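Notes to accompany the following structure.
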Amino acid sequence: MPNITVEIFEGRTLDQRRQFVEGVTEAAVKAFGIDPEGVRITFFEIGRQDLARGGRLFSDKAAPAPTGEKP
């Protein structure tokens with residue numbers, strides 16, 4: 001049973017999460033030949049103020065893409 005952990009920025013909608021888990025579950029089923037019920041996915045939301053890259057907080061960088069668009 002794969003346990004898949006996903007770290008995402010806050011703000012994704014339930015519909016976006018549903019679409020993501022359906023696609024990832026389908027990929028795991030195909031790759032591992034397992035039952036969909038064996039796939040477990042856990043989301044951890046991260047605030048932009050809680051993550052940095054290149055010495056800068058993401059909250060200090062340009063505004064994120066609107067919800068529903070690619071970041």
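Coordinate-derived values only; no laboratory data. For clarity, every value in this text was computed on a predicted model and none was experimentally measured.
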Note to self: Please report the antiparallel percentage of DSSP beta bridges with both residues in the chain, rounded to the nearest 5.
What the structure shows: 20 percent
Notebook entry, point to check: Looking at [x] 8.0; [y] 9.4; [z] 5.6, which value of mean projected area of the Cα convex hull in nm² comes from a calculation on the structure shown?
Noted result: [z]
